Structure formats: C-alpha cells, structure tokens
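Novice: Next up is a structure, given as structure tokens.
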Amino acid sequence: MFADILEGIDHIWNNKFEEAEKIFDTKRTTHARYALHYAEVAFLRSFITADTQDTAEANKRLKAAKELAEGSIALFSKGQIPQGFPQMDKKEQANAYLDTRVVFGDSLYMLAVLQLTRDDKLKGALNMRKSWKVFEECLKAVKDQKDESFYNEELLRSLHFGAGFFLFAMSIIPAKFLKLVELVGFRADREQGLKYVHDCHASGGIRAPFSTLVLLFNNPLLPRGLATPAKYLKE
C-alpha cells in the first residue's frame, strides 16, 4: 500500500499537487490513509495561499479523513474488515488497525493547527490533546508487541514522527508554562522527540519531508526560556 502513497508524497513536495491528488483520490473514500494525504494536499496549499476557500477545503477534507478513520477503527476493534480492504490475516489486520489509528492522530493535529491559526483555539487545543493521546496509546500498543518485526517499518516511522513531533514541540514551550502543559496530559521529551524525528528523516518515507521541516526549525533555535536551557545550549 505504501508504494503509491510514497509516490504521491513525492509529488506533494515537488509542488505537483494535482498529480498527488489523483493518486490519493483513488481510495480516499474507503482507506483513511489515502483520505488523510488527500486532505494534506489541501492543508499545505492553504498555508501557501492563505486563501480562505483553500482553508475551508482543507478543513472539510481533514474532517472527512478523521471520520473515515474513526469508522474504520470501530470495525477493526471488533475484528471486522472495513469495506474496500482485501481479506487479511491477523498480522495484516493488526497493522491496518494501527495505521488507521495513526491516521486518526494525524488528522486531529492537522485540524488542530488549522483551528489554532484560525481563531478557534479551544477546539484546536482539545483536538491537539486528543491527537497526542492517540499517539501515546499507539506507542504503548507497539511496545506491548514482543515481536519486533510484527509492525511494518514505514508504519512505525509514521507513528514515531507523530509522537516525536509532540514530544519535541512540548519541550520548547517556555518553562513557566511547562507544568501546566504536563498537567493537562502532554509530555515533553526533547531528546526522545528529536530521536524519533531524526530516525524518520534518515530512513526516508512518508514523513521524511515533515521531519526535515522540524529539524530545520530546531537547528537554529536558541532555546531561551526552555525548562533546561543550559543543557540545550551545550548541543
């Protein structure tokens, strides 16, 4: 499944939005990951153009991806296979279930970004927290699986980027706000977050472009006001 997704991602980051949309459009009504990346095209376009119609379209697509993911998660959790998926053995079904949960987390934080930048900050904050909890649960599910080869590597990289983004983002919040952030359920861990992002960047794949953006942001960042600034300034 990831081969054509990767092709579409490559089109996105080479400014070939229409070619990317054609790939993701093929299964966006049945597969949550295709719906997510179809929405992602509009999400990135909305930040490039700053056009209200593009933002509305991105919001619409992200909500559709989130709802499709929620429906698929409900079926997978009951041992059922969503419509449009082929017959799968238990391992394949577990991978598809985890992937759909990761997609759900991704769609939530992208929606949250739109909401936080478009004066809907309460909904944005709630969706951001909900997204982190999804990634946190997915990390636990992977940790509880003793077979290290059980989950697809590309899927794990996608999960690690989502979790790493949150761990890093929370760590650059000024120290005076950090306790409050942790109190409402977030966790800050700059080292682990950057490790996840670095590994995702080095391995390539679906989230490699976004990983590059996070690293480009981090490298020139002067960590004033962080919880442990002296430690970070030594890096």
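The values are calculated or read from the model by the stated rules, or taken from the named source; none is laboratory data. These figures come from a predicted structure and were not determined experimentally. Just so you know, the surface numbers come from the protein's heavy atoms only, side chains and all, with ligands and any DNA or RNA stripped out. Shrake-Rupley method; radii C 1.70, N 1.55, O 1.52, S 1.80 Å.
Novice: Pick out which of Phe24, Phe43, Phe210 has the largest mean-square fluctuation in a Gaussian network model of the chain, springs linking Cα atoms closer than 10 Å.
Specialist: Of Phe24, Phe43, Phe210, the most mobile in the Gaussian network model is Phe210.
Novice: Just how much of Lys22 is accessible, in Å², when a 1.4 Å probe is used and the result is rounded to the nearest 10?
Specialist: Per-residue accessible area (Lys22): approximately 150 Å².
Novice: So what's the projected area for the chain, the Cα convex hull averaged over all directions, in nm²?
Specialist: 13.3 nm²
Novice: Another question about this same structure. Determine the order of Met110, Met128 by accessible area, beginning with the largest, at a probe radius of 1.4 Å. Show your work: numbers first, answer last.
Specialist: Numbers: Met110 0, Met128 30 Å².
If we order Met110, Met128 from most to least accessible, we get Met128, Met110.
Novice: Is the stretch 1-138 rounded, prolate or oblate when judged by the Cα gyration tensor, a ≥ b ≥ c being the square roots of its eigenvalues, rounded requiring a/c under 1.5 and prolate requiring a/b larger than b/c?
Specialist: Oblate, since a/c reaches 1.5 and b/c is not below a/b.
Novice: What does the helix-only formula give at 222 nm for the chain: each DSSP H stretch with n ≥ 4 adding -39500 (n - 2.57), the total divided by the residues, and the result rounded to the nearest 500 deg cm²/dmol?
Specialist: -24500 deg cm²/dmol
Novice: What shape does the stretch 94-214 have by the C-alpha gyration tensor, where a ≥ b ≥ c are the square roots of the eigenvalues, rounded means a/c under 1.5, and otherwise prolate means a/b greater than b/c and oblate the rest? Show your work: numbers first, answer last.
Specialist: Details: a/c = 1.62, a/b = 1.51, b/c = 1.07.
Prolate shape, in that a/c is at least 1.5 and a/b is the bigger ratio.
Novice: Another question, then. Once you sort the root eigenvalues of the Cα gyration tensor of the stretch 33-109 as a ≥ b ≥ c, which label holds: rounded (a/c under 1.5), prolate (a/b larger than b/c) or oblate (the other case)?
Specialist: prolate
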